[in-house]
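The values are calculated or read from the model by the stated rules, or taken from the named source; none is laboratory data. A quick note: this is a predicted structure, and the numbers were derived from the prediction, not measured. Positions of Cβ are backbone-derived with ideal geometry, glycine not excepted, and every protein chain shown enters the neighbour counts. What goes into the accessible areas is simple: the full protein's heavy atoms, side chains included, and nothing from ligands, DNA or RNA. Shrake-Rupley method; radii C 1.70, N 1.55, O 1.52, S 1.80 Å.
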Amino acid sequence: MNTDIREGLSVLKKALVLSLTLMVFVFTGCSASTDGKGISGGTASLAGDNTESGTPGQPLNAGKDSVVIATAQEPTVFFCQDSSLSSNQAKDSPVLFQVYENLLWMDENGECQPWVATDYEMSEDGLEYIFTIRDDVYFQNGNLLTAEDVAFTFNLCKEKNPTLTTNLLINFDKAEVIDDTHVKFILTAPFAAFPAETSTRAGFLIDKSYYEEVGTAGYNEKPIGTGPYYFDSRVSGQEIVLKAYDKYWGGTAGIKSISIRPITNISTQFISLKSGNIDVVNMADIASCKQITDEDIATWLSAPSASRMVMILNDWPGLNVPTKDLNLRKAIQYAIYKEDILLGCVDGEGKILDIDVPSIYSGSPDPGTYPVIERDLDKAKEYLAKSSYNGESLKTICLSGTEQEKAAQIIQGQLMEAGITMEVVATDTGTYFAAQTAGAYDMNISVTSSSLNDVSSCNTQYRIQDTTGPIFEEADTLDALCAQANNEIDPEARKELISQVFTIVQDQAYSVPLYNGTSTMAYNKNLEGITLNPNNAWRVFYWRWK
């Protein structure tokens, strides 16, 4: 699946259940920490200080107040409310989450915390939410944030970026200003996880007056948010510089300057990290992280992410492909040994998936309420014997040079043991997505992620959406179940609907979920306060040099 276009909302876990039970959820007061701790008050586990030079007992980096961050992809889009700009959270988040803020913030445990909003109330019918906004939040141009800016942000996104709104702001109709510190969100139908949707990139709060002055292009050129860092400068292909905003409502940042530099070569990233030329590698290669030793000045941190790898088996109505045969799909399903794929692709760092929903997602169905398929080579051969498969090579598309290609090569060998021939077609991004959209494949190795972190992300996996995405024979049934789940307020009833979705998906072998990935960061061990949330979003504001 297209991992950028098809996204949903960040998830509200324990807080969501409480809000649905009480109909009113009030966050406890929360102000930004200035002691180097993360949102939940904890810090990353770090190795010892580097005290090779300087005053005895004094860390080498004492007094340092800047960081250099390496990214594999250069951030290029800094405004999310207009579809004329194609923002990608994985690529652009190192800038977006420093400059912008949301009503709620999803912490490293996947739970939403109060941020620009201090609390919210839900109406009894689930169709309205009233958020209370802080009265001391200023944009980086000095303008005070009010409810008018909040309402404008969400209404503009619906007008200018309807696809993002549909996928992230499910059932959102409009936002209305009540007074300077209260805004009402009106839904067309209930949606259990709506508050968490406000923490997605569709909810990056923008300055209404500034937007009306400069428009989309101007806002992207010089983004203005309420975050702790402002956009200082950019040299395309070389560096983006962010500077600490001295009037930030959350307090004083320990890191005053951030330099974000694109470094595509993994070896170069880690050589630069170990030599001290850079301080952080974002979305770091796990195999390279495991090569770090105690003698190095670097360490690394890994945390569960929202990304998952899935193999889609083509069952598009009207297409003449071998995988239209259910017995062949079942044979493939039982021939896969997921443990080898996890080990070969991410060195075992991650979690095997039974269904295409990470366990961190709110609304995830309970174990035992859906079928779990484990490798059984005898069953695979039995299903294959009942199929119409005649030995033709199954075309499997994936992105060249990625984990998908590694997975495809491992699966190729596993299927061969069952008597199934598979052709690995590793292509560039454009060719891959063109083939995916056209249904020009038998199998598709896909890495899917979601800003949503909620089971409603399966809307974009297993329901009909325009002319894109996998369309299955049972699409109408799946579509109806997903729609019911979207509108169901009761958490247990919602889980049951999602269980029905994945019972059909498993029984019809529409996909083979492989594993849930991780967010990984390598960094100088004298940095502290680093945490990662499931969407690999982090805030430099909490970092400090020892």
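Rounded to the nearest whole Å³, what is the per residue volume of the convex hull around the Cα atoms of the chain? Intermediate values should be presented prior to the final figure.
Values: hull volume 75.9 nm³, N = 546.
Considering the Cα atoms of the chain, their hull volume per residue is 139 Å³.
With θ taken as phi - 60° and the Karplus curve 6.51 cos²θ - 1.76 cosθ + 1.60 applied, the whole-hertz 3J(HN,Hα) list for region 426-436 is 8, 10, 6, 4, x, 5, 4, 5, 5, 5, 4 Hz, x standing for glycine and proline. For T181, the residues whose amide H sits under 5 Å from its own are A147, ignoring neighbours fewer than 5 places away on the same chain, with H placed 1.01 Å from N.
Listed here are the pairs K290/K525; K222/K243; K247/K525; K274/K525; which of them are more than 19 Å apart at the Cα?
Numbers: K290/K525 15 Å; K222/K243 13 Å; K247/K525 29 Å; K274/K525 10 Å.
The answer is K247/K525.
Dividing the summed -39500 (n - 2.57) terms of all DSSP H runs of n ≥ 4 by the residue count of the chain sets its mean residue ellipticity at 222 nm at -8500 deg cm²/dmol.
Scanning residues 5 or more positions from S511 or on other chains, those with amide H under 5 Å from its amide H are L313, with H placed 1.01 Å from N in the peptide plane.
Let me know the charge dipole size of the chain about its Cα centre in debye, to the nearest 20, where only the beta-carbon of Lys, Arg (+1) and Asp, Glu (-1) is charged. Write down the numbers at each step before the final one.
Working: 40 positive and 72 negative charges, 204 e Å.
So the dipole magnitude of the chain works out to roughly 980 debye.
First compute the accessible area of region 57-131 with a 1.4 Å probe, then give the percent of it belonging to carbon and sulfur atoms.
Numbers: 990 of 2280 Å².
Of the solvent-accessible surface of region 57-131, carbon and sulfur hold 43 percent.
Heavy-atom surface analysis with a 1.4 Å probe gives region 482-546 a carbon and sulfur content of 44 percent of its accessible area. Taking every alpha-carbon pair under 8 Å whose residues sit at least 6 apart, region 51-183 reaches a relative contact order of 18 percent.
Here the Karplus relation 6.51 cos²θ - 1.76 cosθ + 1.60, evaluated at θ = phi - 60°, turns the backbone of region 234-243 into coupling constants of 8, 10, 3, x, 10, 6, 10, 10, 10, 10 Hz, with x for every Gly and Pro. Can you tell me the 0 to 90 degree angle between the C-alpha axis of helix 266-275 and the longest principal axis of the chain, rounded to 10? The angle comes out at about 30 degrees.
Once all protein chains are placed together, R261 keeps about 90 Å² accessible to a 1.4 angstrom probe. Averaging the sequence gap over all C-alpha pairs within less than 8 Å and six or more residues apart, then dividing by the number of residues, gives region 131-204 a relative contact order of 32 percent. Accessible surface computed residue by residue for region 229-304, with neighbouring protein chains in place and a 1.4 Å probe, gives 48 Å² per residue. Tell me the angle of helix 89-99 to the major Cα principal axis of the chain, expressed in degrees between 0 and 90 and rounded to the nearest ten. With both axes taken from Cα atoms, the answer is about 20 degrees. Estimated at the nearest 10 Å², the accessible area of S302 is 40 Å² with a 1.4 Å probe.
Note that region 203-285 carries a Kirkwood radius of 15.0 Å, evaluated over its alpha carbons pair by pair.
Working note: Karplus 6.51/-1.76/1.60 with θ = phi - 60° gives region 341-346 the couplings 5, 4, 5, x, 8, 10 Hz, where Gly and Pro are set to x. For region 293-433, the equivalent ellipsoid derived from the alpha-carbon gyration tensor has semi-axes of 29, 20, 16 Å in decreasing order. Averaged over residues, the count of other Cβ atoms within 10 Å places the peptides 317-326, 351-360, 286-295 in the sequence 351-360, 317-326, 286-295, highest first. Against the main long axis of the alpha-carbon atoms of the chain, helix 475-487 sits at an angle near 30°.
Under 5 Å between amide hydrogens, built in the peptide plane, is the criterion, and for K395 it picks out E423, D442, M443 among residues at least 5 positions away or on other chains. Each Cα pair under 8 Å and six or more residues apart adds its sequence gap; the mean of these over the residue count of the chain is a relative contact order of 24 percent.
List the pairs from K158/K406; K208/K351; K91/K324; K379/K406; K330/K406; K160/K395 whose alpha-carbon separation is above 32 Å, in the order I gave them.
Working: K158/K406 39 Å; K208/K351 43 Å; K91/K324 36 Å; K379/K406 25 Å; K330/K406 22 Å; K160/K395 38 Å.
Distance filter (> 32 Å) returns K158/K406; K208/K351; K91/K324; K160/K395.
Please report the antiparallel percentage of DSSP beta bridges with both residues in the chain, rounded to the nearest 5. Before the final figure, lay out each step's value.
Numbers: 58 of 75 bridges.
The antiparallel proportion sits near 75 percent.
Find which of A284, Q508, T163 sits farthest along the positive direction of the dipole of the chain, computed with +1 on the beta-carbon of Lys and Arg, -1 on that of Asp and Glu, about the Cα centre. Result: A284. For region 72-199, the per residue solvent-accessible surface stands at 32 Å², with DNA, RNA and ligands left out and a 1.4 Å probe. In region 185-277, the portion of solvent-accessible area held by carbon and sulfur atoms comes to 47 percent [1.4 Å probe, whole percent, DNA, RNA and ligands not counted]. Using the 1.4 Å probe convention, the accessible area of region 312-426 works out to 44 Å² per residue with neighbouring protein chains retained.
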